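First comes the structure, then the notes that go with it.
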Amino acid sequence: MNDPFNLTRRYFLQGGGAGLGSLVLNSLLGSEQGLHSSFVSKPKAKRIIYLFQSGGPSQLDLFDYKPGLKKRFGEEVPTSVYPDERKTKMSSSQSSFATAPSIFNFSRHGESGAWMSEILPHTAKLADELCIMRSLHTEAINHDPAITFLQTGSQIAGRPSMGAWMHYGLGSDNSDLPAFVAMSSRGKAKTGQPLYDRLWGAGFLPAKYQGIKFRNQGDPVLDIYDPPGVSREMRRRMLDSLKKLNHDRLDLTQDPEITARISQYELAYRMQTSVPDLLNFANEPKGTFDLYGEDAKKTGTYAYNCLMARRLAERGVRYIQLFHQGWDQHNNLPGQMRSQAHDTDQATAGLLMDLKQRGMLDDTLVIWGGEFGRTVYSQGKLTEKNYGRDHHPGCFTMWMAGGGAKPGITYGQTDDYSTSVVKDPVHVNDLHATILKLMGIDHKRLTHFHQGREFRLTDVGGNPISDLMA
């Protein structure tokens, strides 16, 4: 027997809400205001470019200078500093856990005096633009949950990505391009872990908020041109007919995925006009490639994606996510990190300089970092010229620039072994809360009701850190 008080939402809408779906759709297609834009307050940044370094770059070899480790070369790392239970199965069976100081030279840069490794000469020139955070920490020790945590605020797959939250909350500034674009590139070092579409996905938010992936091989966007014999007028008539059919189905079922599908068809149609110009680098002057490097002319490289990120940003794309693989140095770290730095350093600095020259850095938040840090002990055999490092969640380094981040500071401190945070910790939830604050959003108010409760990017934790904001 049917319980008359147990009516589902879909049943109610089907029975008494005919036409409601069309009203929702017209609202979505007529405006790209974010659903939470009414409570956005005093944003310092309008857009985000997130340069995610996938694999876990070694903080000890890039930013967290520990000169005292030189005299401890080869000594066993005390268990009081690195207990056995904190080691992964990849290295816990080693007979020795020898201290491995960085092979690279460090020096101070800029008026801020920030310590940086010799393999980042281009980024070092912009030290006074950077807000360096040496005290990040996370609970995740394996790549997939750690990357998922940085991208979605949860180690468990299925939550919306940060870009999806931004689109959901703030909407889009350009109706002819996606509000959220993701791109990936592979470094010359070991590629490491795969990247999954859910890292730029919408999770339980409506599908229209997911990121649009630009390919790193061949044409970045497929099928952007109509096939021979199909005119723009013919394409428009086809979409109008399809939209009418989808409207009819939407009014009957109230399925939000149909709304997303119609919205994406319309966006794809507009992208046929906007994307060819976006992809045409012919109008970029020689000075642009002097900034980013010649690799910026090669589709799918990190430098190309950095230049594309600037072009997307100046066209009003809200959230631009780059993934660069190859930072997982379990062995042969010195050689592989030199390769990774060669792939990324000039283009990263070029992007910052380009944004600054165009007056865009003030309202563009650029974020750089990976999913965790690396161990102070050597994974595998330690020699004077070679070593590896295992995963380490206890501390790692990230930086922000522009978009209201406080420039020219180094925030936080780790112990003498770069193993634990001893001053000004920054949890992943705190980082997300701070990023949202810079975008003018109270992280506790950007929520979505799902499975009986309100969810947010920062889940049940996180506090914005005022010392990181200008």
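The values are calculated or read from the model by the stated rules, or taken from the named source; none is laboratory data. Everything numeric in this text was worked out from a predicted model, so none of it was measured. Ideal geometry is used to build each Cβ from the backbone, glycine not excepted, and the neighbour counts take in all protein chains shown.
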Looking for something surrounded by fewer than 15 Cβ atoms within 10 Å (Cβ to Cβ) and either free of Cβ contacts under 8 Å to residues at least 60 places away in the same chain or not in a helix (DSSP H, G or I) (or both) - is there at least one such residue anywhere in segment 425-440? no
For segment 315-325, state whether one or more residues are in a strand (DSSP E or B), hydroxyl-bearing (Ser, Thr, Tyr) and touching a residue at least 24 places away in the same chain (Cβ under 8 Å). yes
Just wondering, is there one or more residues in segment 351-371 that are among the hydrophobic types (A, V, I, L, M, F, W, C) and over 30 Å from Gly287 (Cβ atoms)? no
The lone exception for His330 - which of (1) under 25 Å from Lys46 (Cα atoms); (2) out of contact with any helix residue (DSSP H, G or I) (no Cβ under 6 Å at 6 or more places or on another chain); (3) touching a residue at least 24 places away in the same chain (Cβ under 8 Å); (4) surrounded by fewer than 24 Cβ atoms within 10 Å (Cβ to Cβ) it fails: (1)
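Please find, among Tyr209, Tyr265, Tyr225, the residue that is modelled with pLDDT under 90, hydroxyl-bearing (Ser, Thr, Tyr), farther than 21 Å from Leu351 by Cβ and surrounded by 13 or more Cβ atoms within 10 Å (Cβ to Cβ). Reasoning before the result, please.
Details: Tyr209 fails: modelled with pLDDT under 90; Tyr225 fails: surrounded by 13 or more Cβ atoms within 10 Å (Cβ to Cβ).
Just one listed residue meets the conditions, Tyr265.
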In segment 170-191, is there at least one residue being crowded, with 17+ Cβ neighbours inside 10 Å, over 20 Å from the mean Cα position of the chain (by Cα) and more than 25 Å from Met271 (Cβ to Cβ)? yes
How about segment 280-309: which of its residues are in a helix (DSSP H, G or I), under 30 Å from Arg235 (Cβ atoms) and touching a residue at least 60 places away in the same chain (Cβ under 8 Å)? Tyr304, Asn305, Met308, Ala309
Give the residues of segment 441-454 that are touching a residue at least 60 places away in the same chain (Cβ under 8 Å) and crowded, with 19+ Cβ neighbours inside 10 Å, sorted by residue number. Ile441, Leu446, His448
